[in-house]
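Below: one structure, written as structure tokens.
Here, each number is a calculation from the coordinates, and none is a lab measurement. These numbers come from a predicted model, not from an experiment. Cβ placement follows ideal geometry from the backbone for every residue including glycine, while neighbour counts extend to all protein chains displayed.
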Amino acid sequence: MARHYARSMSTWVDAFRVIASPRMSTFTFQGADDITVELVPVADCRETLFPEELALVAGAAPKRQSEFASGRMAARAAMRRHRLEPAAVLRNERAPLWPPGFVGSIAHSRTWAMAALMPRGETMGIGIDLEHLDRMKPEMLRLILTASELSRFAPPVDLDRASTVFSAKEAVYKAVHPLVGEFIGFKEVEVDLDRLRFRARYVGGKDLGLIDAGEGFIAMHEDFVATLFVLRRERGAVVTPIDRG
């Protein structure tokens, strides 16, 4: 029987939408109030980049440069909330490099950029992701979802919900990769959604059980979904971040 797909805004999305004013830069994930998250609209703010940041995207298209600059603007807003001097956010192997003693993450969609920042302390790593709810297409499902995940999507498949699973997997990767330096494929992680939370399980062949101890959070605003994945030191194995310097 052919699988059918739903493209309109779903009942699931409408039920768990949160209100956030685009005029406000602070974004809150319910249950993760201790993590500073800043949200800014994507705009041509390349003049705000430090020279060494601009060098990272010197050959990129203007749209990509604007997305990059907006993400850095959100990151510096998060720094200010922690009473840090705004500084360049460089990267190594595509992962942002944060001020000593802090962990963070940057994400952007076509229209919004977001940055999260947290003192390292009891937090080993955080990852955020931001996706438009039309991110997932029917032909992408079998590339992103495991067989078990697909079985939980009874037709017609809710593509908004599937986009949230995709975003959650991206957030997991961003939190874990800087710690372990391992590539993690989409089908190596399974995600269970539960209202404004999610749980992630590692189902691949590597020693990445720390993923199972992480906490996942979901927030929605306008036409995008945001996800946050947090690895608390007391909840999982202590992992020393890889030194890429």
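A few remarks follow.
- Cα shape, the stretch 76-115, gyration tensor, a/c 1.5 rule: oblate
- In this structure, the amide hydrogen of MET124, modeled 1.01 Å from its nitrogen in the peptide plane, lies closer than 5 angstrom to those of LEU231, ARG232, ARG233, counting only residues at least 5 positions away or on a different chain.
- A straight chain from ARG80 to ARG64 at 0.36 nm per residue would run longer than the Cα-Cα distance by 3.3 nm.
- Gain on full stretching of the segment that runs from THR26 to MET140 - 0.36 nm per residue minus C-alpha separation: 37.8 nm
- Sorting the segments 185-196, 210-221 by their mean number of nearby beta carbons within 10 angstrom, highest to lowest, gives 210-221, 185-196.
- With both labels modelled 7 Å from their Cα along Cα-to-Cβ, the ALA88 to ALA147 distance reads 5.0 nm.
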